[in-house]
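Here's the structure we're looking at; comments come further down.
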Amino acid sequence: MLEQQRDYVLRSVEERGVRLIRLWFTDVLGNLKSLAISPAELDNALSDGMTFDGSSIDGFSRIQEADVLAIPDPNTFELLPWADPQAPEARVFCDIHHLDGDPFEGDPRQVLRRHVQSAHDAGLTFYVAPDIEFFYFEPPTVENGSVSRPVPIDNGGFFDLTTNDVTGDLRKQTIRTLETMGIPVEYSFHEDAPGQQEIDLRHTDALTMADSVMTFRLAVREVAARNGVHATFMPKPLEGVQGSGMHVHLSLFSGDENAFYDETDGYHLSEAAKSFMAGLLRHAAEITAVTNQTVNSYKRLVPGFEAPVHLSWARNNRSGLIRVPIAKRGNPLATRVEYRSADPACNPYLAFSLMLAAGMRGIEAGYELPDEADANLFEIDDTMLDKLGIGKLPQSLSEALAVMERSSLVQEALGEHIFEWFLRNKRSEWRSYKTHVSAFEHDRYLTAL
């Protein structure tokens, strides 16, 4: 099968006159990286990979062990719809290896591949479907090193449609671009805040979806930029309104059967589903530094703006961390759980890896799911929450890193290389944030003190 796909790629490049092939991969934080090769180099790249200096990529190699191999995955070959039609370009995602051919432990895609394979060895396929939120703003300006404040391009709210729906046209262009690249979209609409949008991707296996999320983020920005608009996946760009999340729908299948479904259960949840949810709840605080990896992420995870704060689950309660959507017409294949804390600035390879690792730990260890919390938890005081045994997610990047550092699950799931580098990098970000004096402090203290 792999050989057939390899031949298809080589044939497509020749028949479509592709001039440039971009080899894509990500650094540890999920920043998309690329090196370009000519069609003459493609056959060699598919067979033996392309060597590059890993020490120039954050979280990859040290200087003394610099070179690594980018080996293209021919299953991810797609033409780039925004390239010049007279000089077509294509992209293909790569797995990063050591020069001896062993998987490179600093490659986030290899981390997810390892977890997906582990689930496969247990007879399970991990499916993912993210609801991705983002903002459209007027193009920012930079003056004296400072970026101008964000200005939304509309004043719309939930599901708004107007006669001059600029954002609707941008979403339509984006969906066409995604579907051209083989990424199906389930829904799209205007979200609650001015300039805020949501596009939901149709479920697929976790590795394909992580590739799709990386493509999605670039496609959204590319389409916006071509229309003179700035798109951002910053979790909380505006004060006083909700931020952007990436709610992730998760399910496990055993062959063609949904391993999360049980017709005899009142919730239609199998024991595997309940233990998977229990694993997510027990380890949620430990994985939050990865699912919410920026200082700004924690401006979103506050009460009152539809973002989860509490370690709880329910069927229709959006104040909790996990929601169990009610399947339409009781469809067994649609039974799933929705993990609501992640934001679209995360590295999807690492975030999906940790969600799967936490859930599988729950199944393997037989974790017991706590009772459903169907009340609005934002209206219950902390004393009562403590009595109910309902904890909270970390409230800052610093707190999240401290919890992550103590987690054997996260260290094992990410591997020592990424685990240690991630902690170092994010502690550096927190130190920089602590020394910054903000406009809030000037406004509040400069004349009053």
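Going by how many other beta carbons lie within 10 Å of each one, how would you line up Tyr187, Tyr433, fewest first?
Working: Tyr187 11, Tyr433 15.
Ranked by crowding around the Cβ, least crowded first: Tyr187, Tyr433.
Within 13 Å, Cβ to Cβ, of Phe352, how many net charges do the neighbouring residues add up to if Lys/Arg are +1 and Asp/Glu are -1? Write out the running numbers ahead of the final one.
Details: positive: Arg109, Arg113, Arg114; negative: Asp205, Asp211.
Its environment carries a net charge of +1.
Could you list, in their original order, any pairs among Lys328/Lys392; Lys236/Lys426; Lys33/Lys392; Lys274/Lys299; Lys172/Lys236; Lys236/Lys328 whose Cα atoms are separated by more than 28 Å?
On the way: Lys328/Lys392 31 Å; Lys236/Lys426 18 Å; Lys33/Lys392 35 Å; Lys274/Lys299 30 Å; Lys172/Lys236 24 Å; Lys236/Lys328 32 Å.
With Cα atoms farther than 28 Å apart: Lys328/Lys392; Lys33/Lys392; Lys274/Lys299; Lys236/Lys328.
Going by average Cβ neighbours within 10 Å, how do the peptides 219-225, 23-29 rank, with the highest at the top? Spell out each step's value before the answer.
Details: 219-225: 20.6, 23-29: 22.9.
So the order, starting with the most tightly packed, is 23-29, 219-225.
If you take every residue apart from Thr76 with its C-beta less than 9 Å away from the C-beta of Thr76, what net charge results, scoring Lys and Arg +1 and Asp and Glu -1? Don't jump to the answer; show the numbers that get you there.
Numbers: positive: Arg91; negative: Asp73, Glu78, Asp211.
Net charge in that neighbourhood comes out at -2.
Taking the Kirkwood radius as the inverse of the mean 1/r across Cα pairs, report the Rg/Rh of segment 238-297. Let's see the in-between values first.
On the way: Rg = 15.8 Å, Rh = 14.1 Å.
We get a ratio of 1.12 for segment 238-297.
When the helices in the chain are scored as -39500 (n - 2.57) per DSSP H run of 4 or longer and the sum is shared across all residues, what 222 nm value do you end up with, to the nearest 500 deg cm²/dmol?
Values: 13 runs with 167 residues, N = 449.
Per the formula, -12000 deg cm²/dmol.
Along the charge dipole of the chain, Cβ charges K/R +1 and D/E -1, which of Ala231, Val142, Gln4 sits furthest on the positive end?
Val142
Under a point spin-label approximation (7 Å from Cα along Cα-to-Cβ), what is the Ser47-Leu99 distance to one decimal in nm?
2.0 nm
So the label point goes 7 Å from the Cα of Glu239 along Cα→C-beta, right? Which residues of segment 433-449 then have their backbone N under 17 Å from it?
436-449
Mind sorting Thr204, Thr264, Thr174 by how few other Cβ atoms lie within 10 Å of their own Cβ, fewest first? Spell out each step's value before the answer.
Values: Thr204 15, Thr264 6, Thr174 23.
By the 10 Å Cβ count, ascending, the order reads Thr264, Thr204, Thr174.
So, by mean Cβ neighbours within 10 angstrom, what's the order for 211-218, 6-13 with the highest one leading? Walk me through the intermediate numbers first.
Working: 211-218: 22.1, 6-13: 15.8.
Ranking, from highest mean packing down: 211-218, 6-13.
So, in Å, what gap is there between the alpha-carbon centers of segment 181-206 and segment 15-39?
24 Å
Loop-only GluC sites (Glu not before Pro) in segment 233-263, please: DSSP not H, G, I, E or B, and at most 13 other Cβ atoms within 10 Å.
Values: sites: Glu239, Glu257, Glu263; in loops: Glu239, Glu263.
Passing both the DSSP loop test and the Cβ count: Glu239, Glu263.
Report the net charge of residues surrounding Val116, where surrounding means a beta-carbon distance below 11 angstrom and charges are Lys +1, Arg +1, Asp -1, Glu -1. Kindly include the intermediate steps, with their values, before the conclusion.
On the way: positive: Arg109, Arg113, Arg114; negative: Asp121, Asp205.
That sum, taken over residues with Cβ under 11 Å, equals +1.
To one decimal place, what orientation-averaged projected area in nm² is obtained for the convex hull of the Cα set of the chain?
On the way: hull surface 100.3 nm².
Result: 25.1 nm².
Which FRET efficiency value, to the nearest 0.05, is calculated for Asp443 and Ala40 with the Förster distance at 45 angstrom and r the Cβ-Cβ distance? Mind showing how you got there, number by number?
Working: r = 59 Å, r/R0 = 1.32.
Calculated value: 0.15.
Here, each number is a calculation from the coordinates, and none is a lab measurement. Just so you know, these numbers come straight off a predicted model, no measurement behind them. Here the Cβ is made from the backbone with ideal geometry for all residues, glycine too, and neighbour counts use every protein chain on show.
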